[in-house]
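The values are calculated or read from the model by the stated rules, or taken from the named source; none is laboratory data. Please read all numbers here as calculations on a predicted model, not as lab measurements. All Cβ positions, glycine included, derive from the backbone under ideal geometry; neighbour counts span all protein chains shown. Each accessible area value is taken on the protein alone, full model and side chains, heavy atoms only, with ligands, DNA and RNA left out. Shrake-Rupley method; radii C 1.70, N 1.55, O 1.52, S 1.80 Å.
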Amino acid sequence: MAITHPVSGAMAAEPSPPTTDSTTHIDPELYDKAIMHATTMAMPAPSDPRQISSSLVQRLRSGDIEALYSVARSLNGRNAGDDRVTSVQLWHALADGPASAAALGFSYAEVDVELALRYFVQASQGKRKEDDGTGTGGGPHQAAMFNAGRLFLERNDVASSFAYIRGCANVEREYPAYAKEELTRTCAEAYDTLSTRIRGETISPPGIEDAAEMFPYASMEEFPLPDTREFTIWARGMEYLEMYAKMVREGTEVGDISGRRKGKTYLLAAQQELEQFQNGSKGGMSELQQYLLDIILGRLQYLMMAMEAADGGLDEL
């Protein structure tokens, strides 16, 4: 990725690099502030601070993104309000990268949770190969994944919380270079704690919809894996359940006899698929998944019994 800016008097000696799809555009006034701060940055134990500062300025003028990020981080660490504002403005300009998006998430965490969550989610996605000027892509920001999971939990979106906290714990599998051992351990512990809390909820356990949404993220081993027999059976069961849920949303499951018959057909089909899944997957499911599946099947049985009672006990299927 490169930095481009309109050439001003302070930068006339350096031509702007060519514009590409991965180019970051910096407002010239903001860029001048970054250059000014770079000339005065205090670096840790330098042998010659002037050489390091000069080198940083040269890197900025040559379009080095990491140099600009270093300046933003330094500005954010100062107590001056204007410097913090400038750092956030720089991170906004760099926000297509995981590190900058994560920095924005932390910056907004105490003042705008929704915006902080948006940036944490963005940082969690890393950079796709097609969006990266190097063609190599980039891994997710592990700390951003953990914080996204934490904020989703505060919003009572437990399924999304599980997804991001599990992703944080599993970063080391696919992107080991982006994983930190302590953070991996913290995420794994948080995942286990949340799982235990859900299983121990006796006053208000998850409903059928929440249980179904949580289920795919309720296994640290990501069971059932795509393109497997278990995944196909689970997906069919969810399709039938969604067909019934659509009827509920439209109010047609309690209409005439034809509507009730169709609703019961979907429930029965979902029950059969999920019981088949349960019987063939006991060794693969986590304890939380077994708990959630029991909730789903129990609720299905209750709904079918309620329909039969409404029909005077007659089986219309």
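Tabulated data for the structure shown
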item	result
Matching residues, region 274-298, being under 18 Å from GLY200 (Cα atoms) and assigned to a helix (DSSP H, G or I)	GLU287, LEU288, GLN289, GLN290, TYR291, LEU292, LEU293, ASP294, ILE295, ILE296, GLY298
Selection within region 186-210 - under 20 Å from the mean Cα position of the chain (by Cα) and not β-branched (Val, Ile, Thr)	CYS187, ALA188, GLU189, ALA190, TYR191, ASP192, LEU194, SER195, ASP210
Residue in region 205-220 that is surrounded by fewer than 16 Cβ atoms within 10 Å (Cβ to Cβ) and in a helix (DSSP H, G or I) present	yes
Residue match in region 51-72 (condition: over 16 Å from SER107 (Cβ atoms), at pLDDT below 70, assigned to a loop (DSSP other than H, G, I, E, B) and more than 34 Å from the chain's Cα centre (by Cα))	no
First in region 155-179 and under 18 Å from ALA109 (Cβ atoms) and open to solvent by 20 Å² or more (accessible area, probe 1.4 Å), second anywhere and among the basic types (Lys, Arg) and part of a helix (DSSP H, G or I), Cβ under 9 Å, 6 or more apart	TYR164/ARG150
Residue ID - farthest from the chain's Cα centre (by Cα), chosen from residues in region 211-260 that are modelled with pLDDT under 90 and acidic (Asp, Glu)	ASP256
